[in-house]
1. Scan region 43-56 and tell me whether some residue there is under 30 Å from residue 104 (Cα atoms), hydrophobic (A, V, I, L, M, F, W, C), surrounded by 15 or more Cβ atoms within 10 Å (Cβ to Cβ) and without any contact (Cβ under 8 Å) to a residue 40 or more places away in the chain.
2. Please state which of the following conditions residue 98 fails to meet, knowing it meets all the rest: (1) out of contact with any strand residue (DSSP E or B) (no Cβ under 6 Å at 6 or more places or on another chain); (2) hydroxyl-bearing (Ser, Thr, Tyr); (3) surrounded by 14 or more Cβ atoms within 10 Å (Cβ to Cβ); (4) within 21 Å of residue 29 (Cβ to Cβ).
3. Only one residue in 43, 48 is at negative phi and modelled with pLDDT of 95 or more, so which one is that?
4. Considering only residues of region 77-95 that are of a type outside the set (D, E, K, R) and loosely packed, with under 14 Cβ neighbours inside 10 Å, which is modelled with the lowest pLDDT?
5. I'd like the residue in region 1-34 that is small (Gly, Ala, Ser) and part of a strand (DSSP E or B) and, out of all such residues, is nearest to residue 99 (Cα to Cα).
Amino acid sequence: MGAEILFYPTAIGWASSQDEETNSEQYNAWQTIQRSHAVANGVHVVSVNRVGFEQEGAMKFWGGSFIANPMGALVYKASHDNEEVIVTELDLARTDATRTHWPFLRDRRIDSYQPITKRYIDGD
């Protein structure tokens, strides 16, 4: 509907009891899906996530907020531990150029989307 930037505010973190490999894998999956939204829609994506602890240290919010350009490349990435406020200039002309030369959004097969509006596709 003409969006030039998608914002995804989140509050996602790790259970403090989890191992580092699991934590890293979960963070990378979150970042991958957010960057995929940039590619699929041909827009910049700003994914914001909080930092710090909750539930008496049982949950550590992973921070790692970032900005991805319309091809999913990182423009900025925040730390996992510190609150950060940044201002970054984004080239919104890149949205039109990306949508023209990498028409992922335009070439979607929306006629095939109806089945995914159901929770379970294999039944009525």
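The values are calculated or read from the model by the stated rules, or taken from the named source; none is laboratory data. Keep in mind the model is a prediction, meaning the values are calculated, not measured. Here the Cβ is made from the backbone with ideal geometry for all residues, glycine too, and neighbour counts use every protein chain on show.
1. no
2. If we test residue 98 against (1) out of contact with any strand residue (DSSP E or B) (no Cβ under 6 Å at 6 or more places or on another chain); (2) hydroxyl-bearing (Ser, Thr, Tyr); (3) surrounded by 14 or more Cβ atoms within 10 Å (Cβ to Cβ); (4) within 21 Å of residue 29 (Cβ to Cβ), just (4) comes out false.
3. 48
4. 93
5. To start, the set of residues in region 1-34 that are small (Gly, Ala, Ser) comprises 2-3, 11, 13, 15-17, 24, 29.
Those left that are additionally part of a strand (DSSP E or B): 13, 15.
Details: 13: 33, 15: 39 Å.
Only one residue fits best here, namely 13.
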